[in-house]
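Working notes for the structure below.
The values are calculated or read from the model by the stated rules, or taken from the named source; none is laboratory data. On a predicted model such as this, the values are computed, not experimentally measured, just so you know. Reconstructed Cβ throughout: ideal geometry from the backbone, glycine too, with neighbour counts over all protein chains shown.
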Amino acid sequence: MTVESTAARKPRRSAGTKSTAGKTTTARKTAGSDPELVQLLTPEGKRVKNAGYDKYVAGITPEELRGLYRDMVLTRRFDAEATSLQRQGELGLWASLLGQEAAQIGSGRATREDDYVFPTYREHGVAWCRGVDPTNLLGMFRGVNNGGWDPNGNNFQLYTIVIGSQTLHATGYAMGVAKDGADSAVIAYFGDGASSQGDVAESFTFSAVYNAPVVFFCQNNQWAISEPTEKQTRVPLYQRAQGFGFPGVRVDGNDVLACLAVTKWALERARRGEGPTLVEAYTYRMGAHTTSDDPSKYRADEEREAWEAKDPILRLRRYLEAANHADEGFFAELETESEALGKRVREAVRAMPDPDRFAIFENVYADGHALVDEERAQFAAYQASFADAEGV
Amino acid sequence: MAAEKMALAKAINESLRRALESDPKVLIMGEDVGKLGGVFRVTDGLQKDFGESRVIDTPLAESGIVGTAIGLALRGYRPVVEIQFDGFVFPAYDQIVTQLAKMHARSLGKVKLPVVVRIPYGGGIGAVEHHSESPEALFAHVAGLKIVSPSNASDAYWMMQQAIQSDDPVIFFEPKRRYWDKDEVATEAIPGPLHRARVVREGTDLTLAAYGPMVKLCREVADAAAEEGRDLEVLDLRSVSPIDFDSLQSSVEKTRRLVVVHEAPVFFGSGAEIAARITERCFYHLEAPVLRVGGYHAPYPPARLEEEYLPGLDRVLDAVDRALAY
């Protein structure tokens with residue numbers, strides 16, 4: 001399933017695209033019909049064997065499977081709450097992960113505590129797995145900070161908004177891990193759009209040259225705002241790795257078990273000193289790019305509907321039910337927990353205070369800077385002039 | 001070790017060596033910095049003595065160099081990266097501006113990025129395009145970065161020590177045309193603050209302010225002016241962000257005239273900021289507008305024309321005359 005065993009394919013755009021009424025309906029490969037795709041759970045919830053990757057989830061217990069389900073449900077609930085909070089004016093913006101829960105929970109749960117994660121701005125599910133309090137993710141979207149958690153608290157870097165930049169940070173960090181002789185691994189998240197960025201290509205080059213213990217986890221959600229992957233690449237993204245000299249693999253990004261297994265494999269390669277791996281999680285952005293976006297302008301409803309049938313949560317539920325790994329009580333309890341999370345998030349956001357105005361001048365430098373001091377003093381004097389005028 | 005006479009490039013080399021010796025977290029990264037010792041030999045011999053894991057030849061990708069240095073800094077290292085020439089920094093500009101400069105603030109102070117970006121800069125060496133530019137203002141505009149430029153070997157040695165010790169990212173502009181100029185370097189001396197300007201020649205009639213390669217020129221200008229009976233003060237700013245406006249103010253309050261000299265284009269250059277702020281601070285002391293001498297609003301010219309483009313003795317003297325004519 002890795003690139004070494006895969007013959008070159010024709011550009012996907014030659015698979016046929018047709019345009020209707022200004023919208024594009026693509027003949028994209030669908031999960032389940034692609035022989036290159038690593039899949040352990042079909043959309044119908046059937047467990048399929050995979051000689052290469054089964055062993056990475058062989059010992060998984062029903063409790064752990066329920067845990068993955070719970071992670072995905074709670075992440076989706078949190079995400080929906082954040083979208084609502086944006087609609088209510090409590091957040092300025094929200095970037096929904098709807099549809100990408102399996103890719104994020106599967107890969108996130110594959111990481112070890114000492115591993116380090118470099119996210120984009122949509123990795124709410126990975127943050128959840130790392131133990132970052134979800135309410136902390138919302139500060140930047142409310143506009144009270146630009147990143148509200150301690151990156152070293154959970155080995156989960158701050159969200160990076162400039163597309164692809166973090167892949168180089170991950171690579172450098174991984175180079176440091178190797179220098180330290182540690183057996184930790186690093187995972188860098190990015191998307192199909194970012195795959196076009198020079199920084200991503202440079203991170204592939206550096207990680208390959210230095211054999212850095214890093215996993216590049218590309219969530220190909222098919223859309224970079226309005227641009228389909230055909231606008232980013234002529235080859236399947238996972239095949240890019242071959243040119244850099246490390247393996248690439250495409251996994252069903254809506255299959256949490258497959259994402260868990262493939263990411264574990266890639267992280268273990270890194271720990272063993274075998275260098276970088278590219279994982280392309282083939283998934284779909286069910287929602288808009290952000291709450292400011294309107295996908296009806298550029299993509300057809302049928303495409304979304306086709307992916308709805310492959311929903312990551314639904315398929316694990318089908319599997320859990322068929323295998324008698326979860327009963328009604330579990331699902332009911334989870335529903336209660338889910339509502340409680342929504343309530344907690346809602347209340348936390350509404351209670352989030354605006355920062356003190358002098359926060360502008362805080363942490364610009366670690367060792368201070370004369371100009372910042374001067375401007376802070378000017379700002380303070382300006383503010384104080386109002387108090388004088390009011391006779392306070 | 002007592003004071004030793006050494007070239008500016010050698011002083012940086014010795015400073016890097018000292019940093020590598022005293023702190024195992026210090027790394028050197030860049031194109032050709034290893035076996036070759038850098039195209040200017042600033043890192044000569046360091047890989048041989050400290051190994052390939054600490055003196056790292058990188059792929060030819062400037063964004064990659066700075067981006068991975070950020071990652072290494074997040075891991076606890078103190079990378080000193082070399083950009084081979086001034087005009088090649090721009091692929092790294094995004095990483096420097098959007099990440100290196102802002103990550104400390106973004107993390108509310110929880111993350112520190114002690115990265116030094118060394119950039120040999122400036123003209124006067126007869127080079128081809130992209131090898132003679134002075135882009136310091138493009139970095140000084142960015143909060144979160146500190147910008148310094150030594151003018152002599154002793155400062156080069158000590159300012160590099162201080163830049164590496166700084167918990168903030170420092171862009172270290174090295175005056176490449178002065179790499180071979182020798183000076184006394186007292187490696188046991190206790191240096192003054194990194195961002196403090198220094199009066200290198202006292203005078204009463206006018207202040208010449210400069211940094212990096214133009215300090216030497218300004219001293220020559222002051223010597224020439226002295227022959228005409230004019231007593232010029234020369235201030236080596238040493239730091240472009242922050243700028244030591246207090247020292248500038250003291251000097252200008254005494255001399256009442258200021259000419260700022262840099263190789264970078266005058267338009268939106270550091271001289272513009274200095275002129276504005278000194279006008280505010282010294283309005284009632286000034287006898288003449290603050291004048292600037294620098295490059296023109298044109299691409300850096302072919303080498304055969306660079307002496308016309310760069311501030312030279314006569315152009316600076318001309319500005320001095322104009323300022324004194326008020």
Practice task
State all residues of the range B:95-111 that are more than 7 Å from chain A (Cβ to nearest Cβ) and surrounded by fewer than 24 Cβ atoms within 10 Å (Cβ to Cβ); if no residue qualifies, say none.
Solution key: B:97, B:101, B:102
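Okay, residues lined up against (1) hydroxyl-bearing (Ser, Thr, Tyr); (2) out of contact with any Asp or Glu (no Cβ under 8 Å at 6 or more places or on another chain):
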position: A:231; (1), (2): no, yes
position: A:241; (1), (2): no, yes
position: A:249; (1), (2): no, no
position: A:257; (1), (2): no, yes
position: A:263; (1), (2): yes, yes
position: A:269; (1), (2): no, yes
position: A:273; (1), (2): no, yes
position: A:278; (1), (2): no, yes
Practice task
Go through B:91, B:135, B:114 for me and flag whichever is surrounded by fewer than 21 Cβ atoms within 10 Å (Cβ to Cβ) and touching a strand residue (DSSP E or B) at 6+ places or on another chain (Cβ under 8 Å).
Solution key: B:135
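Okay, residues lined up against (1) away from every other protein chain (no Cβ under 13 Å); (2) part of a helix (DSSP H, G or I):
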residue	(1), (2)
A:188	no, no
A:204	no, yes
A:211	no, no
A:217	yes, no
A:250	yes, no
A:257	yes, yes
A:261	yes, yes
A:267	yes, yes
A:280	yes, no
Fill in the blank from the handout: Exactly one of B:210, B:153 is more than 17 Å from residue B:240 (Cβ to Cβ), more than 12 Å from chain A (Cβ to nearest Cβ) and not β-branched (Val, Ile, Thr), and that residue is B:153
Handout entry: Top-ranked residue of the range B:157-207 - restricted to ones that are under 26 Å from residue B:68 (Cα atoms) and among the β-branched types (Val, Ile, Thr), ranked as surrounded by the fewest Cβ atoms within 10 Å (Cβ to Cβ)
Key = B:164
Completion exercise
The correct count of residues that are in contact with a Ser or Thr (Cβ under 6 Å, 6 or more places away or on another chain), among the charged types (D, E, K, R) and more than 25 Å from residue B:123 (Cβ to Cβ) in the range B:228-279 is 2
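On the given criteria, is residue B:46 modelled with pLDDT of 95 or more and in contact with a helix residue (DSSP H, G or I) (Cβ under 7 Å, 6 or more places away or on another chain)?
Numbers: modelled with pLDDT of 95 or more: yes; in contact with a helix residue (DSSP H, G or I) (Cβ under 7 Å, 6 or more places away or on another chain): yes.
So residue B:46 passes the test.
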Practice task
Could you check, for the range A:219-238, whether at least one of its residues is crowded, with 24+ Cβ neighbours inside 10 Å, of a type outside the set (Phe, Trp, Tyr) and over 18 Å from the mean Cα position of the chain (by Cα)?
Solution key: no
Handout entry: Residue that is surrounded by the fewest Cβ atoms within 10 Å (Cβ to Cβ) [pool: residues in the range B:215-252 that are within 14 Å of chain A (Cβ to nearest Cβ) and acidic (Asp, Glu)]
Key = B:246
Problem - Residues of the range B:26-77 that turn out to be assigned to a helix (DSSP H, G or I), among the charged types (D, E, K, R) and within 20 Å of residue A:205 (Cα to Cα), as a count - result: 1
